[in-house]
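Notes for the one structure printed next.
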Amino acid sequence: MVHHLTFPEVIGTPHSFLSREGGVSTGIYEGLNCGPGSDDDPDNIRENRRIAASLIAGRRDTPLVSLYQIHSNKVVTVRSDWGDDRPKADGMVTTQPGIILGILTADCTPVLFADMAAGVVGAAHAGWQGALSGVIENTVAVMEECGAKRANIAAVIGPTIQQASYEVGADFEARFLAKNTDFGQFFTDGKDASHRQFNLPALVANRLEAAGVTNVVNCGTDTYGSDDHYSYRRTTHRGEADYGRQLSGIMLAR
């Protein structure tokens, strides 16, 4: 069973790609649902986020900030705890110790970044729209503005929907080919001529390489196929009313 994942050999600062294990939510949200955008009991979400803070930082009261994610390429710099006043963006960067940067996903790709020499960390929510429009490149650029060096940035691609589980239409592929014909490498044959299988984490890895980040690890966990993770697509296929979100977080230790 896959649970919370850390990569200390890659990222030398507190971080974790959390699963749904260990939370207080019940029903379709069972487990560690950290997503305020879900219809889960707000008290459960708040408690789950305190549990998440404890798992990442060792303290329940550690500030944990997240975004109002809009599938964009917008990246913000975190200077203090903004609480529930979440900015609309899909990437975060900080040089401020003691604040957890939290990305919420349920099939989209969470990416955690660190340049430990410069004391800069980042986190990005890379769905297909964000990855295609540059959220990875923009996160790296903001890290560089904060003092990081691209050659020193390490990144981990967290649990996300994998190619075998991501069926799309031919029109979806056409959007990528219109952007860059080389993006055809992220698609393979589907069940018939009108369907394709899309490799989102490979696109994210490609965008990291394009941004000059070469120290990259891909965890390879399929959220759709893992009952230890929330999955928007699995929920849709099951006809469930809503879904939870797992949290991936990183911070600079005090």
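Any read-out appearing in this document is the output of simple, stated calculations on the displayed coordinates, not a laboratory observation. None of these values were measured; they are calculated from a predicted model.
Considering only Ile99, Ile157, Ile70, the Gaussian network model of the chain with Cα springs below 10 Å gives its largest mean-square fluctuation to Ile70. The aspartates and glutamates whose alpha-carbon is closer than 12 Å to the alpha-carbon of Lys149, local same-chain residues fewer than 8 away aside, are Asp115. If you sort the three axes of the alpha carbon gyration tensor as a ≥ b ≥ c, you get a/c of 1.5 or more for the range 110-254 and a/b no higher than b/c, which makes it oblate.
In plain terms, if you count all Cα to Cα distances in the chain and split them into 5 Å steps from zero, the share in each step is 1, 7, 14, 19, 20, 17, 12, 7, 3, 1, 0 percent.
Averaging the Cα positions of each part gives two centres, and for the range 16-87 and the range 164-179 these lie 31 Å apart. Please report, to one decimal in angstroms, the Kirkwood hydrodynamic radius of the range 74-184 built from all distinct Cα-Cα pairs. It works out to 15.1 Å. Taking a straight Cα-Cα cut-off under 23 Å and skipping sequence neighbours fewer than 8 places away in the same chain, the lysines within cross-link reach of Lys179 are Lys74. Once a ≥ b ≥ c are taken as the square roots of the eigenvalues of the Cα gyration tensor of the range 160-201, is the result rounded (a/c under 1.5), prolate (a/b larger than b/c) or oblate (a/b not larger than b/c)? Oblate is the answer for the range 160-201, as a/c is 1.5 or above yet b/c matches or exceeds a/b.
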